[in-house]
Amino acid sequence: MKKLFLSVVFTLALALSGVQASFAENLVIKNGVVFIADGGLVVKDLDGIEVCTPESLVDLSSATDVVVQEDGTGYVAVVTIHPPIDPAVPEETMTDFAVVDVTACFPEVVVDPVEEVVVDDCYAYLDGDTLILLCQIIPEPLFVGRKTV
């Protein structure tokens with residue numbers, strides 16, 4: 001009972017302090033990509049097709065949990081692993097983690113080019129939690145200059 005109470009207190013303290021907490025699971029879906037940590041790290045799309053095999057310097061064959069986070073330049077997976085303490089006794093394991101770069105597992109997002117328009121005046125107002133911008137677009141003239149016949 002005491003452990004449960006302390007867990008709840010610390011979780012609330014983290015949440016109220018603004019610290020972003022993530023909980024590891026053996027299956028994580030992030031931006032349409034599925035990460036499965038079950039005796040390795042498997043990465044598939046939502047159709048079940050394997051997307052990529054993340055490269056790691058650490059053996060991930062004992063992987064049990066995974067958390068995927070964006071780190072500003074890409075995505076990393078933090079994987080819980082259980083390597084043996086002594087290779088001679090593989091039953092005795094310790095809990096450790098490995099950080100794996102999984103940026104290549106996400107499809108590249110293609111952004112359509114934005115058409116540039118010239119505006120005259122804009123007015124902005126809030127409608128609830130939505131910002132509304134009203135702008136008068138200046139039409140491009142069909143012909144500029146003087147035409148002689």
Residues located in the range 87-120, provided they are assigned to a strand (DSSP E or B), modelled with pLDDT under 85 and open to solvent by 70 Å² or more (accessible area, probe 1.4 Å): 90, 91, 120
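Could you check how many residues of the range 26-69 are in contact with a Leu (Cβ under 6 Å, 6 or more places away or on another chain) and within 18 Å of residue 104 (Cα to Cα)? Break it down stepwise before answering.
Residues of the range 26-69 in contact with a Leu (Cβ under 6 Å, 6 or more places away or on another chain): 32, 36, 40-41, 54, 60, 63.
Those still in the list that are within 18 Å of residue 104 (Cα to Cα) too: 32, 36, 40-41, 54, 60.
Number satisfying all stated conditions: 6.
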Can we say residue 81 is at pLDDT 85 or above, more than 25 Å from residue 107 (Cα to Cα) and either β-branched (Val, Ile, Thr) or open to solvent by 100 Å² or more (accessible area, probe 1.4 Å) (or both)? yes
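The values are calculated or read from the model by the stated rules, or taken from the named source; none is laboratory data. Bear in mind that the values here come from a model prediction, so they are computed numbers and not experimental data. Don't worry about glycine lacking a Cβ; one is built from the backbone with ideal geometry, like all the others, and counts go over all protein chains shown. Quick note on the areas: whole protein, heavy atoms, side chains included, nothing else; ligands and nucleic acids left out. Shrake-Rupley method; radii C 1.70, N 1.55, O 1.52, S 1.80 Å.
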